[in-house]
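Here's the structure we're looking at; comments come further down.
The values are calculated or read from the model by the stated rules, or taken from the named source; none is laboratory data. Computed from a prediction, not measured in an experiment: that's the story for all the values here. Positions of Cβ are generated from backbone atoms using ideal geometry, with glycine treated the same way; all protein chains shown enter the neighbour counts. The protein model used for the area step is the full one, side chains on, heavy atoms only, and it has no ligands, DNA or RNA in it. Shrake-Rupley method; radii C 1.70, N 1.55, O 1.52, S 1.80 Å.
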Amino acid sequence: MSRRFTVTSLPPAAPAATPDLESHPQPAAKLRHLSGEDAKGDGNPKESSPFINSTDTEKGREYDGKNMALFEEEMDTSPMVSSLLSGLANYTNLPQGSREHEEAENNEGGKKKPVQAPRMGTFMGVYLPCLQNIFGVILFLRLTWVVGIAGIMEAFCMVFICCSCTMLTAISMSAIATNGVVPAGGSYYMISRSLGPEFGGAVGLCFYLGTTFAGAMYILGTIEILLAYLFPAMAIFKAEDASGEAAAMLNNMRVYGTCVLTCMATVVFVGVKYVNKFALVFLGCVILSILAIYAGVIKSAFDPPNFPICLLGNRTLSRHGFDVCAKLAWEGNETVTTRLWGLFCSSRFLNATCDEYFTRNNVTEIQGIPGAASGLIKENLWSSYLTKGVIVERRGMPSVGLVEGTPIDMDHPYVFSDMTSYFTLLVGIYFPSVTGIMAGSNRSGDLRDAQKSIPTGTILAIATTSAVYISSVVLFGACIEGVVLRDKFGEAVNGNLVVGTLAWPSPWVIVIGSFFSTCGAGLQSLTGAPRLLQAISRDGIVPFLQVFGHGKANGEPTWALLLTACICEIGILIASLDEVAPILSMFFLMCYMFVNLACAVQTLLRTPNWRPRFRYYHWTLSFLGMSLCLALMFICSWYYALVAMLIAGLIYKYIEYRGAEKEWGDGIRGLSLSAARYALLRLEEGPPHTKNWRPQLLVLVRVDQDQNVVHPQLLSLTSQLKAGKGLTIVGSVLEGTFLDNHPQAQRAEESIRRLMEAEKVKGFCQVVISSNLRDGVSHLIQSGGLGGLQHNTVLVGWPRNWRQKEDHQTWRNFIELVRETTAGHLALLVTKNVSMFPGNPERFSEGSIDVWWIVHDGGMLMLLPFLLRHHKVWRKCKMRIFTVAQMDDNSIQMKKDLTTFLYHLRITAEVEVVEMHESDISAYTYEKTLVMEQRSQILKQMHLTKNEREREVRLPRLGSESLKLLPALGLHSRDGPGLMLLVTGTAFTLEHYSSPFFLSTPPPSTGLPSSRGTLQLHLPSLPARMQRALAWVTDFPL
């Protein structure tokens, strides 16, 4: 089988950075013609290549440090030593946006073209940054205390739950990150592009707050190491007695924390390149500190370090006030008291008055670090929770107790518990130690193969840190005495860092290493948080944050840094690491919860663009991770969880109300479509129940030549009647052809939508182009809605100029509209003098809604004013029901019956009976109601089939009598607002009744005036001939 190859000549081109072979496949070499002049080359001796004959040194420098392997995969599997050293030299833990700002700053003012930094692989680009971000202050300062309080079993469960949460989140994050490039902003971009700008903005700001408070936590950890372990003499505030030590420490933390925050913010403001220069140093401190801990564990198995602790009975003593762990000492042949004696007794003499507990119990000295081979693991297996102010005691030691209720002198050199501890509190304090898993996804643009590196590096980093944490829990419990573990600040071991006592070769390795690592973590937080806020601000989804999107000329977020420093100061003023840790746990957990939710939603919806390269995910794992995050939020602190959710909810509603509209193809839109489809299919299952009936309006409006709505008050009435509930379709008809008038239709739709937004009408807009107005209205009535979500009421304005002979088509179109709503079993609402209806900004301080109720319609006529009174325009208006009686009728009984009827409808209204002469009202109205009720009952009793019932309906034809309907309808209400209602066919009402009636202002014979603040609905008395015309048009039998 032969193959044909086409060889073409390529022009010389400048060298470029090595392309991504997966996304941009290119030939390995340039092929040229081997005949003619091309065989001699292009004549340019400075061919841009790294070969021997190349004399362009400037271009050749671009290839320094580049791997010239034939296949890139070979270098991934067996990297050269020089490549590894080059990667370490270029290591940075800054996010992608920080690198861009640094490059812009380095090249500012220079003519040199910036050279793209070499792309990083999995180890340098993802694994090490995640490792450095996950290991932090909690590991060095609080993990030993957590193990001592909770015991090995509960601490193991705590670490396992938190690590499982981050591992499940990492799986979901890997799926999202490998579905596209994640720019600077990390989790914000993941959530906003997956769940929409509302969720993205809310969770992005929560993640920003979490990162900012994490900076405060790292700074507080730095100050704690500085004042408690490195230079205790630097404390500004000194405690006069033991009870004031905690307050003095907090004040020192506030002062020094503010100073350190100012220095760090200044360093970040001057330039991130200075932070980047120390990234490798901070990483080395973290790794060396952890290795020193494991080396100390191994050494303790055969040569435990000498850190004796002093016990009085079973109570642990602080080493700050004495040196010898004994009550008495021998000096020559004389027995003398020690400094410990002076702390518990009134004087240094043997006959001094001493503390009762000191007198009854002996002083014992035991080793604080017995070692891994001591069998101590059994004693530290279970929890030992303490309340605030309780002395740390050793279990199993003999002790002669005091009478219950005897007060404890806080000035005695005991080791006291500084806070009340319980399991949920420990979870909130520990969880920040497993955060930082998104360091790799934040820098996807700097990776050689982000689709491969992000999942591999992140999951390996979490597995490594989880193994370190779990093994540390077991090893701390096996090597360190329980009272030392429960001693948070190492007072029993001469003020040493507890985890440092286990380290080899010296505790100073841990102290200095943890100090620099917490400093580096604080700088990274102050570097990353402003860029996250800048990314949110530049998206424009939160209007009031747009000012924080600006910065220096190189893009450095100056204003965002200032806000970050101010928020971080709030955490500094709290001054307690144990109080700040649960706060940032809430924000991180909420962020992780929505990452899992985003992955689950995208997976379940199966959107076409959901094609992650990472295949080892499932929606059940994402759902489990989301549930675990939510559970941990309430486990840590239920009130902090509620506050965090409230903050996120307020931001969500603000973005929804005021934020910019963004279309990012998010999953929430797909979820909305799926939910809408499900709901529409459910609506198709059957007609709505009477209890759920409400008018679903099709509003027919007219537009002028400029495509503006002629009567905007019609939409005001729609807004007042609907109050944002139910279905509203605003339709209009343009005469012409679709090809010629499509631009006009688009402009008309935009105009109607703007008016709907201004009038706060929540609904849909539909503009139809038809050859004539009559057919267009018919199309709207037939095709409006979708599935079971369709209109049952048509709202239209009264036809103008119908009396003029040259405009006879107007009333013909209106008559056809009445006939078509009848055929479609729809209710018809006709507004007259709509320009006099109140607008939405108006408010009636008093007034009434008068209902002239003649024909028993089943309560629909009562429903309309009831709905109107829900709107603030009509809220203070009263409802009055008027019914008409003849002179010989029992008016009192009629009023009672109508009051009882309103009571059953649960509607409050005043009832009035108006007596009129037979010349003013015909008995036909009452007979008409009886005929309709009798007909409905007969049809039900006969159990007619559907086809037989449809045969009962007779479609009317337009005749000469129909013309007389219009003068009858237009007889009254020339001066005030009026609403005509025609309920035709089988429209749903409150009690399954349906009958035709007409509503307008009251007839002159009643003597009731029409006012601006009164909306009057009634059926006027019509002559018999007009009643027959009305009945004939609406297709009801006489």
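Structure summary
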quantity: Residue in the stretch 468-486 that is within 40 Å of the chain's Cα centre (by Cα) and either modelled with pLDDT under 90 or in a loop (DSSP other than H, G, I, E, B) (or both) present; calculated: yes
quantity: Residue check for Ser318: in contact with an Asp or Glu (Cβ under 6 Å, 6 or more places away or on another chain) and surrounded by 14 or more Cβ atoms within 10 Å (Cβ to Cβ); calculated: yes
quantity: Number of the condition not met by Leu205 [criteria: (1) within 23 Å of Cys130 (Cβ to Cβ); (2) open to solvent by 10 Å² or more (accessible area, probe 1.4 Å)]; calculated: (1)
quantity: Check on Val580, within 23 Å of the chain's Cα centre (by Cα), assigned to a helix (DSSP H, G or I), surrounded by fewer than 16 Cβ atoms within 10 Å (Cβ to Cβ) and modelled with pLDDT of 85 or more; calculated: no
quantity: Subset tally (residues that are out of contact with any helix residue (DSSP H, G or I) (no Cβ under 7 Å at 6 or more places or on another chain) and open to solvent by less than 70 Å² (accessible area, probe 1.4 Å)) for the stretch 671-694; calculated: 8
quantity: Residue list for the stretch 731-749, restricted to those being free of Cβ contacts under 8 Å to residues at least 40 places away in the same chain and within 38 Å of the chain's Cα centre (by Cα); calculated: Ala745, Gln746, Glu749
quantity: Where a residue in the stretch 635-659 is at pLDDT 90 or above and its partner, wherever it lies, is aromatic (Phe, Trp, Tyr) and open to solvent by 30 Å² or more (accessible area, probe 1.4 Å), with Cβ under 6 Å and at least six apart; calculated: Ala641/Phe634
quantity: Pairs where the first residue, in the stretch 226-251, is of a type in the set (Gly, Ala, Ser) and open to solvent by less than 30 Å² (accessible area, probe 1.4 Å) and the second is in a helix (DSSP H, G or I) and at pLDDT 85 or above, C-beta under 6 Å, 6+ apart; calculated: Ala235/Leu227; Ala235/Asn252
quantity: Per-region count, the stretch 373-394, residues in contact with a Ser or Thr (Cβ under 7 Å, 6 or more places away or on another chain) and modelled with pLDDT under 90; calculated: 1
quantity: Residues being open to solvent by less than 10 Å² (accessible area, probe 1.4 Å), modelled with pLDDT under 95 and among the β-branched types (Val, Ile, Thr) - total across the stretch 439-467; calculated: 2
quantity: Number of the exception - Lys725 against (1) surrounded by 17 or more Cβ atoms within 10 Å (Cβ to Cβ); (2) assigned to a loop (DSSP other than H, G, I, E, B); calculated: (1)
quantity: Options Asp411, Asp418: the member that is among the acidic types (Asp, Glu), on the phi < 0 side of the Ramachandran plot and open to solvent by less than 70 Å² (accessible area, probe 1.4 Å); calculated: Asp418
quantity: Single residue of Cys259, Cys310 found to be open to solvent by less than 30 Å² (accessible area, probe 1.4 Å) and either assigned to a strand (DSSP E or B) or modelled with pLDDT of 95 or more (or both); calculated: Cys310
quantity: Some residue of the stretch 780-798 being more than 29 Å from Ala676 (Cα to Cα), modelled with pLDDT under 90 and open to solvent by 30 Å² or more (accessible area, probe 1.4 Å); calculated: yes
quantity: Some residue of the stretch 783-792 being closer than 23 Å to Val818 by Cα and in a helix (DSSP H, G or I); calculated: yes
quantity: Residue match in the stretch 180-190 (condition: within 14 Å of Ala598 (Cα to Cα) and at pLDDT 80 or above); calculated: no
quantity: Residue in the stretch 348-358 that is hydroxyl-bearing (Ser, Thr, Tyr), surrounded by fewer than 22 Cβ atoms within 10 Å (Cβ to Cβ) and part of a helix (DSSP H, G or I) present; calculated: yes
quantity: Residue match in the stretch 538-548 (condition: of a type in the set (S, T, N, Q) and surrounded by fewer than 23 Cβ atoms within 10 Å (Cβ to Cβ)); calculated: yes
quantity: Unique match (being surrounded by fewer than 20 Cβ atoms within 10 Å (Cβ to Cβ) and aliphatic (A, V, I, L, M)) among Ala598, Ala631; calculated: Ala631
quantity: Selection status of Glu365, within 47 Å of the chain's Cα centre (by Cα), open to solvent by 40 Å² or more (accessible area, probe 1.4 Å) and touching a residue at least 24 places away in the same chain (Cβ under 8 Å); calculated: no
quantity: Matching option when the condition is farther than 27 Å from Pro432 by Cβ and open to solvent by 10 Å² or more (accessible area, probe 1.4 Å), among Ala565, Ala553; calculated: Ala553
quantity: Residue count for the stretch 324-341, restricted to those that are outside any strand (DSSP E or B) and either without any contact (Cβ under 8 Å) to a residue 12 or more places away in the chain or among the charged types (D, E, K, R) (or both); calculated: 4
quantity: Cys629 being modelled with pLDDT of 95 or more and either in a helix (DSSP H, G or I) or in contact with a helix residue (DSSP H, G or I) (Cβ under 9 Å, 6 or more places away or on another chain) (or both); calculated: yes
